[in-house]
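Participant: This structure is in structure tokens; I'll ask about it shortly.
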Amino acid sequence: ENSLQKTSYSYTMEPGGIFNSPYALNLSSFTKLIKRLQAIHPEASRDQIVEAIQQVRKNNKGMLCGLAISTVEERTSAIL
């Protein structure tokens with residue numbers, strides 16, 4: 001397992017080449033989440049959706065890990 005240090009965050013490289021951070025969803029999950037939220041909230045811009053996801057992260061002690069994608073989707077939808 002390769003580890004990288006970037007500022008104070010710790011990132012690990014998953015076997016499939018996806019960076020995994022304890023502070024964010026992996027890129028594949030994030031992309032799926034954005035697409036699902038765009039379908040549910042076509043009136044919201046991508047930037048608005050990302051800001052709402054960041055608010056969910058902030059409300060969850062600065063992390064998204066430990067939350068199911070469906071939970072992140074529900075909480076983001078409530079903000080939007």
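The values are calculated or read from the model by the stated rules, or taken from the named source; none is laboratory data. Bear in mind that the values here come from a model prediction, so they are computed numbers and not experimental data. Quick reminder, even Gly has a Cβ in these numbers, built from the backbone with ideal geometry, and neighbours come from all protein chains shown. Heavy atoms of the whole protein, side chains included, go into the accessibility calculation; ligands, DNA and RNA do not. Shrake-Rupley method; radii C 1.70, N 1.55, O 1.52, S 1.80 Å.
Participant: Starting from segment 62-80, keep only residues that are under 13 Å from Ser29 (Cα atoms), then list their pairs with residues that are open to solvent by 30 Å² or more (accessible area, probe 1.4 Å) and in a loop (DSSP other than H, G, I, E, B) whose Cβ atoms are within a distance under 7 Å, requiring at least 6 positions of separation or different chains.
Facilitator: Once the first residue is under 13 Å from Ser29 (Cα atoms) and sits in segment 62-80, its partners that are open to solvent by 30 Å² or more (accessible area, probe 1.4 Å) and in a loop (DSSP other than H, G, I, E, B) give Leu64/Leu25; Cys65/Pro22; Leu67/Asn60.
Participant: If you don't mind, there's one more thing I want to ask. Pairs only if they're at least six apart or on different chains, beta carbon under 8 angstrom, first in segment 31-57 and open to solvent by 100 Å² or more (accessible area, probe 1.4 Å), second part of a helix (DSSP H, G or I) and of a type in the set (D, E, K, R); list them, first residue then second.
Facilitator: Arg36/Glu73
Participant: Take segment 1-36 and flag every residue that is in contact with a Ser or Thr (Cβ under 6 Å, 6 or more places away or on another chain) and at pLDDT 90 or above.
Facilitator: Result: no residue meets the conditions.
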